[in-house]
Amino acid sequence: MKDRTMAVNKEKTNLKGVTAEFDSVDTLMAACRRVRDAGYLKTDAFTPFPVHGIDKALGIKPTVLPWISFAGGLTGCTIALAMEIWMNGINYQYIISGKPMISLPAFIPVAFELTILLAAFGSFFGMLALNKLPRFSNPIFTNPRFDRSTDDRFFLYVDAEDGRYDHAGVRTLLSDCGSEYVEDVIEDDSSNLIPKPVFYVLTALAIVALVPPIILAKMRVTTSGTPRFHIFYDMDFSPAKEAQTKTTLFSDGRSMRPDVPGTVARGQLNYGLDFNTGIDMEALSIIDPQRADQLVSLLQAPDDGEPAAEEKPAKEAPPAEEKPAEEKPAEEKPADDKPADEKPAEEKPADDKPADEKPADEKPAEEMKAEEKPAAEEKPAAETKPVEEAKPAEEMKADAAPAVVAEEAKAAVEEVAAAADATPWLTANPLEETAANMKRGQMQFNIYCAVCHGRDGSGSGLVALRAQKILAATWVPPTRLYNEDLNSKDYPDGKLFNTITHGIRKMPGYGAQITAQDRWAIVAYVRALQLSRNADSLGLESVPAPRRAELKKLQADVQQQLEEEAKKAADAAAAADAKKSAEPAA
């Protein structure tokens, strides 16, 4: 009797709910409405196919999962924007393509990606939490008749944890709804422990999974003399070539392909040779016709295919490679090899060398002192007199050689400089100086030039500052664009245009990146920068009359401030000198 009572109590504690089986959708929907009207909230229905309207019939409220997804996406967007603003706008400021430090349009890609990522995480993990997953078994599966829920039967389930749940009342209600099979759902009382074999296998897999991270951690903190092991060889050694790298694909060995001679990019054929070269071609044709012809030929298409016909003969030279004196070397080699093998064996005998070395090894003990001391004593006298008297002839040649080379190099530089100066550069910008062109030039300057020259042309761009900070040995400081030698008289607009196009010293040419029109716009903007730095040369006449008084007052204030600062600096220096001179006396 006692055992039966315990079994009943155990069954009650393991009771999870009640299921009712129906043979049609209509009876199921009617039962759902009656259960909902009865006030039960924790219910569920199982059908072999989707049934529209069953959510409403059960009284299921809309899920909060969309709000969880929205919260995840909002969190991701906030994190991304905060990270980018902090990194690019505050912590490590760096101008990229002339964009402002805090540029929301530039931050959108990263913000979008992180928004989607955290929204997806919120949806996935939110769904698991709301459905109480993962769950390895469901007590409702203990009912063998429930297998027909995927075939031809419909089931309605009322959870025992519902606040209005009454076991007898629920069974009566479901029976009244037309269900022929109303059954209790009992928790599976099988053991919850993981079988030992499964546990051992999982443990072994976990241990094996730790091996790669341990190896990687060891490789990061140790060094190895063996070559690196490339897991993804194609990724490490991609056949794609980077800029300024060598290649064996093209005969000139350059991976970057130059502009094809005789071709002009679309939309850039509207201007003449002067516009595209910065040179007065008519004047150049008088001074240096050959150079003018070369420049013209570079910008014009070849007349015929004659060049190709001229190149072919050069490729037909291989016959000269077939003749090669392969036979001669074949005859000479054996003759040379044999004696060569024999002579060294006779000449190199190890008897001669040891004979020379042994006495050298034996003498040092006795002669080293005698040899070293005199050498130390004689050297000073021998170095001063003989070196000056005996080697003058040799040194004269040695001194004369670099002097000649220096003179030749100097002469070559002067010739190049003279040739450069003789170039009839355009002295006036052919581009109309309008506000739109000036703004265009400013934009292009900020994109391509400000990185090194700085936005004000002072040569203090971010790259220059970085090179100074790390003490880059090979860095050549960029030129200040408002130096006097770069004014329009000494450095014509055409020459400045040519420098932008082809580069100078370590500055690369931007002819392939910037259109000719934009290069002339940059020239105009650089001239404006120079004028802004040398405003005194323009005089107050260039300032509108109403603002001249204001400008004079501002100039006087600045001058007074500078004088005061200079006076303070002089007083401080004098005080420091006085203090320094007083210390030794004390």
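Quick notes on this one:
- Residue that is farther than 30 Å from ARG33 by Cα and in contact (Cβ under 8 Å) with a residue 12 or more places away in the chain, where the choices are ASP152, ASP189, ASP184, ASP159: ASP189
- Some residue of the range 63-72 being at pLDDT below 95, in the same structural domain as PHE125 (by the TED database) and farther than 28 Å from ALA129 by Cβ: no
- Hits in the range 462-487 (condition: crowded, with 17+ Cβ neighbours inside 10 Å and either in contact (Cβ under 8 Å) with a residue 60 or more places away in the chain or closer than 26 Å to PHE275 by Cβ (or both)): THR479, LEU481, TYR482, LEU486
- Only residues that are farther than 30 Å from LYS506 by Cβ, in a loop (DSSP other than H, G, I, E, B) and not β-branched (Val, Ile, Thr) were counted across the range 205-253, and they come to 7.
- Segments classed as helices (runs of 4 or more DSSP H), wholly inside the range 427-538, with at least 1 members that are over 24 Å from the mean Cα position of the chain (by Cα): 435-444, 493-502, 516-533
- The residues on offer are ILE231, ILE214, and the sole one that is modelled with pLDDT of 90 or more, exposed (fewer than 10 other Cβ atoms within 10 Å of the Cβ) and not assigned by the TED database to the domain that holds MET29 is ILE214.
- If the condition is being surrounded by fewer than 18 Cβ atoms within 10 Å (Cβ to Cβ) and assigned to a strand (DSSP E or B), then the range 11-48 contributes LEU15, ASP44, PHE46.
- Qualifying position, being of a type outside the set (Lys, Arg), at pLDDT 90 or above and closer than 21 Å to ILE60 by Cβ, among VAL158, VAL198, VAL182: VAL158
- Of PRO144, PRO139, all but one fail to be modelled with pLDDT under 95 and closer than 13 Å to GLY17 by Cβ; the exception is PRO139.
- Matching option when the condition is within 30 Å of MET127 (Cβ to Cβ) and touching an Asp or Glu at 6+ places or on another chain (Cβ under 8 Å), among LEU58, LEU81, LEU65, LEU74: LEU58
The values are calculated or read from the model by the stated rules, or taken from the named source; none is laboratory data. Small disclaimer: the values here were computed from a predicted structure and weren't measured. Backbone-built Cβ (ideal geometry, glycine too); neighbour counts: all protein chains shown.
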